[in-house]
Amino acid sequence: MAMKIRLARGGSKKRPFYRVVATDSRMPRDGRFIEKLGTYNPLLPKDSEERVKLDMERVQYWLDQGAQPSDRVSRFLEAAGVLEKKERANLKKGEPGKKAQERVQEKADKAAAAAEAAAAPAEEPAEEAASEE
C-alpha cells in the first residue's frame, strides 16, 4: 500500500483548516485516512505556535514505514528539523513576457549608446592633442 502524509482540507468556505493525515495515496484528498498526525491553520500568523501542530513521534513512525510526505508537509518537517532541506525548482516563477523583455532590451541598448556617446568625446581631444604636437 502506497502511504502518504498529506493535508486534508476542512473548515468552511474561504476559512481553510487542514488536518495532517497518514493515508493511502489512492484515497480522495478529504476522504478516508488511517491516522491524524496534526493540524495546520493557514489563517494564523506565521510566527504562531498554533499554526502547525504535529505529533512528531507518529510522523517519524510513518516515515520509517515508508510513507512519502507531500510537498507542503515536507516543508513543515524541514522547518521542524525532521527532514533535511532539499533544493526545489520554482516552477511558478516564470520569465517576463515578450513585451517586458523587449523593454529591458531597449533600455539596455539606450544605456550602451549613452555610454558610447559619453566615452567618445573624452577620447577625441586626447587624440587631437597628440596629433598637434
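Length available on full extension from ARG26 to ASP55: 0.36 nm per residue minus the Cα-Cα distance, which gives 8.1 nm. Between the helical axis of 71-80 and the dominant principal axis of the chain, each derived from Cα atoms, what acute angle in degrees is found, rounded to the nearest 10? On a 0 to 90 degree scale, this one is about 90. Which one, ALA113, ALA79, ALA67, has the greatest fluctuation when you compute a Gaussian network model over the chain with C-alpha springs under 10 angstrom? Evaluated over the chain, the most mobile residue of the options is ALA113.
On a 0 to 90 degree scale, rounded to 10, what angle separates helix 98-132 from the longest Cα axis of the chain? So the helix axis and the longest Cα principal axis differ by about 30 degrees. Cross-link partners for LYS98 among the lysines, with Cα-Cα distance under 23 Å and sequence neighbours closer than 8 places in the same chain left out: LYS107, LYS110.
How charged is the neighbourhood of GLY10? Take every other residue with its Cβ under 10 Å from the Cβ of GLY10, and add Lys/Arg as +1 and Asp/Glu as -1. Result for the local shell: +2. Adding -39500 (n - 2.57) for every DSSP H run of four residues or longer, then dividing by how many residues the chain holds, sets the calculated 222 nm ellipticity at -13500 deg cm²/dmol. If a paramagnetic tag sat 7 Å from the Cα of GLN65 along the Cα-Cβ line, which residues of region 1-30 would have the backbone N under 11 Å from that point? The answer is 1-5, 22-24. Among GLU116, GLU95, GLU57, the largest mean-square fluctuation in a Gaussian network model of the chain, built with springs joining Cα atoms closer than 10 Å, belongs to GLU116. Only one item in (1) 28.8, 94; (2) 14.5, 43; (3) 13.7, 42 matches Rg and Dmax of the Cα atoms in Å derived from the coordinates shown, and that item is (1).
Rule-based calculations on the coordinates, nothing more; no lab input. Just so it is clear, the structure is predicted and the values come from calculations on it, not from any experiment. Cβ: placed from backbone, ideal geometry, glycine included. Neighbour counts: every protein chain shown.
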